[in-house]
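Q: Would you mind keeping the following structure in view while I ask a few things?
Every number here is computed from the coordinates shown, using simple stated rules; none is lab data. Computed from a predicted structure; not experimentally measured. Positions of Cβ are backbone-derived with ideal geometry, glycine not excepted, and every protein chain shown enters the neighbour counts.
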Amino acid sequence: MLRIFLSAQLLLVAIIAMPQYTATVKTTTTKAESRAWVAWKNTECSLNYPGAWTAEAAGPPGTVVIFSAPMDSSGFVQSKVDLIVRDVGAMGLEDFMRKRKEEIKAQFTDGHFIGGVAQSEANDASQTLEYTGTINDQPFHYRQFVCVSKGKAYLLTYSAADEMYDEFLFMAEAMFGSFKVN
């Protein structure tokens, strides 16, 4: 009996004395921290993006810049983040988001909203919206960061083929986190 009691005490001491390990995964960046991240800015706003991605100032009307992940082996860009700026006048975030959801419903007949989170910092209000939809028979997954400030809506939209969504999501979220209105 004494032997079992001592063994239990030794086991308890061993468990308590064992080093505890925790891992922290960094998912945001607030400045260009290394050569792996590049600072981008224009007269209205700024953000950081992964150095392996490309930045192109072209796209549909209102598009300021498109950040594209490296192409896969077939030459297809799997993921990208678009920055679109729209004049909203006195419209607040809540009204703009209601309008934005209606636009998304009209764009995708099979669109599905997954969720959203509202945030507010200083004078800027922002919200993140997640949704899915199909374009040319290809299912896509989107996460959109919307910031309303100074009469404008800034839409950063991460889009990826549905099966590739998680691969670059942490980078898109880091880009969202680094976004600033000048």
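Q: How far, in nm, would the chain grow between A36 and I135 when pulled straight, counting 0.36 nm per residue and subtracting the alpha carbon separation?
A: 32.5 nm
Q: Using the number of other C-beta atoms within 10 angstrom as an exposure proxy, rank Y158, Y131 with the fewest first.
A: By the 10 Å Cβ count, ascending: Y131, Y158.
Q: Starting from the Cα-Cα distance between E44 and F113, subtract it from 0.36 nm times their residue separation and give me the gain in nm to one decimal.
A: Working it through step by step, the gained length comes to 21.9 nm.
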